[in-house]
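Working notes for the structure below.
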Amino acid sequence: MAPTQPNSSRKACEAFFTREIAEIRDFPGTSRVVDARNEMANTLRERLSRDGELVREQDTRQWQAFFIPPVAPHTRLDELPGEDLKMVFSASDPAQTRLAISLEENRTLKGRLEVNENTANANAIQYHHRMSLIDQQLKDALALSRQAIANVSRTARLEERLLVLEEDCAESRSTVASLKLEIKTLKESHKSEVEDLTERLEREKVGRAADSEPLLVRIHELEEKVKENNKMMKDNSDRLTHLTLMLQPLWRRMLLDAARKKIYEALQKCDWKEVRAEYSPDGQLLRQLRAKDVHLTRRALELIWDGKTFRAAGNDAAHDAPAAEVRLGVTSVGGSNREAFDDIYIFVYGSAAEIEE
């Protein structure tokens, strides 16, 4: 009998203590059955100890072990058949152990019978399906045979029609040859007319090119003008963006000043200094404003009261305007003040504040 070939690098083992499954583990295929038996027995002992039963390690060595399928203790696990190895341990009652073994063998046999029954049912379904396919194929073959018989008679009729068509084609070839000869004659007779027409078209083409030259020059000028306008619009857009960014801190400063004005007017004070002298930025001022129907958050009141960073940024924006923007401010002044602003601009920037074209 040939030796059993190893069929797996690892083998699963189930350990039973009487009828209770205690552990399922994988062992290397090179392990011996006796080594797996000892480790599983120790595992059962530890589990029983956790459940409150005192079991000594030397007691597990006296346990009787029965293997399913039956196997010699020194057999390697990878030499076993395809199914996993089951171990049934018994401490004292061999009859109870044999009962557990019988129950486990019956369960395994029942599982195999169920698999065989499912396989037989699947085979029967597959057989009926194949028979249906064969029946359909026979019906299709019969239909094709009938179609072939009908095609034979149709082929005879087609052959007769083909002979008629061949005669018609011979007549058509003769007609085509006559038409080709007539076309050749017409081409030769009208050759001079075609050459005259071609020459006229060339002269008209040259004349139109000369007429369109001033138009092309004008189009080029307009394109250059459009480019200049686009560049001017882009410069104006960039200047407007820069001016907007520069004025944003100033607008925030103006907002804070306007808020201070509304607060001292609501409190019936002459100016903000009186408010700072009488109140402090705590709950007292907040409650007083709410009594006057002025609803502000605590953070908003803190910014209005102090806001040094935003106020300083507004001051910087008011004093750091570029010369081009200051020039716009000077040229927009009217009346007798214009001359004075011109003198100030020349004093600061060294040139007159003239409007850029």
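The values are calculated or read from the model by the stated rules, or taken from the named source; none is laboratory data. Not measured: the values here are computed from a predicted model. Because the Cβ atoms are built from the backbone with ideal geometry, glycine has one as well, and the counts that use them run over all protein chains shown. Note: accessible area is taken over every heavy atom of the protein model, side chains too, but ligands, DNA and RNA are not part of it. Shrake-Rupley method; radii C 1.70, N 1.55, O 1.52, S 1.80 Å.
Residue-wise test of (1) modelled with pLDDT of 75 or more; (2) in contact with an Asp or Glu (Cβ under 9 Å, 6 or more places away or on another chain); (3) not in a helix (DSSP H, G or I).
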residue: LEU289; (1), (2), (3): yes, no, no
residue: LEU296; (1), (2), (3): yes, no, yes
residue: ALA300; (1), (2), (3): yes, no, no
residue: ARG311; (1), (2), (3): no, yes, no
residue: GLU325; (1), (2), (3): no, no, no
residue: GLY334; (1), (2), (3): yes, no, yes
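Here ARG276 meets the list (1) part of a helix (DSSP H, G or I); (2) loosely packed, with under 13 Cβ neighbours inside 10 Å; (3) charged (D, E, K, R) almost entirely, failing just condition (2).
Taking the options LEU186, LEU216, name whichever one is farther than 25 Å from ALA324 by Cα and within 59 Å of the chain's Cα centre (by Cα). Please lay out each step first, then the result.
Details: LEU186 fails: within 59 Å of the chain's Cα centre (by Cα).
When all the criteria are applied, what remains is LEU216.
Figure legend. Inter-residue proximity from the stretch 323-336: first residues more than 19 Å from GLY350 (Cα to Cα), second residues not in a helix (DSSP H, G or I), beta-carbon distance below 8 Å, spacing 6+ or different chains. No pairs are indicated.
Yes or no, residue by residue, for (1) of a type in the set (D, E, K, R); (2) at pLDDT 80 or above; (3) surrounded by 10 or more Cβ atoms within 10 Å (Cβ to Cβ):
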| residue | (1), (2), (3) |
| --- | --- |
| ASP211 | yes, no, no |
| PRO214 | no, yes, no |
| MET233 | no, yes, yes |
| MET246 | no, no, yes |
| ASP257 | yes, yes, yes |
| ALA266 | no, yes, yes |
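The residue list THR43, THR75, THR30 contains one member that is open to solvent by 70 Å² or more (accessible area, probe 1.4 Å) and modelled with pLDDT of 80 or more, which is THR30. Taken together, the criteria place ALA317 among residues that are buried (at least 16 other Cβ atoms within 10 Å of the Cβ), small (Gly, Ala, Ser) and within 30 Å of VAL348 (Cα to Cα).
Which residue out of GLN137, GLN126 is surrounded by 10 or more Cβ atoms within 10 Å (Cβ to Cβ), over 47 Å from the mean Cα position of the chain (by Cα) and without any contact (Cβ under 8 Å) to a residue 40 or more places away in the chain? Quick ask: steps written out before the conclusion?
Values: GLN126 fails: over 47 Å from the mean Cα position of the chain (by Cα).
Result of the check over GLN137, GLN126: GLN137.
Residues in the stretch 104-119 that are modelled with pLDDT under 75 and open to solvent by less than 70 Å² (accessible area, probe 1.4 Å) were compared, and the one that is farthest from CYS13 (Cα to Cα) is GLY111. Of all the numbered requirements in (1) among the aromatic types (Phe, Trp, Tyr); (2) modelled with pLDDT under 65; (3) touching a Leu at 6+ places or on another chain (Cβ under 8 Å), PHE16 misses one, and that requirement is (3).
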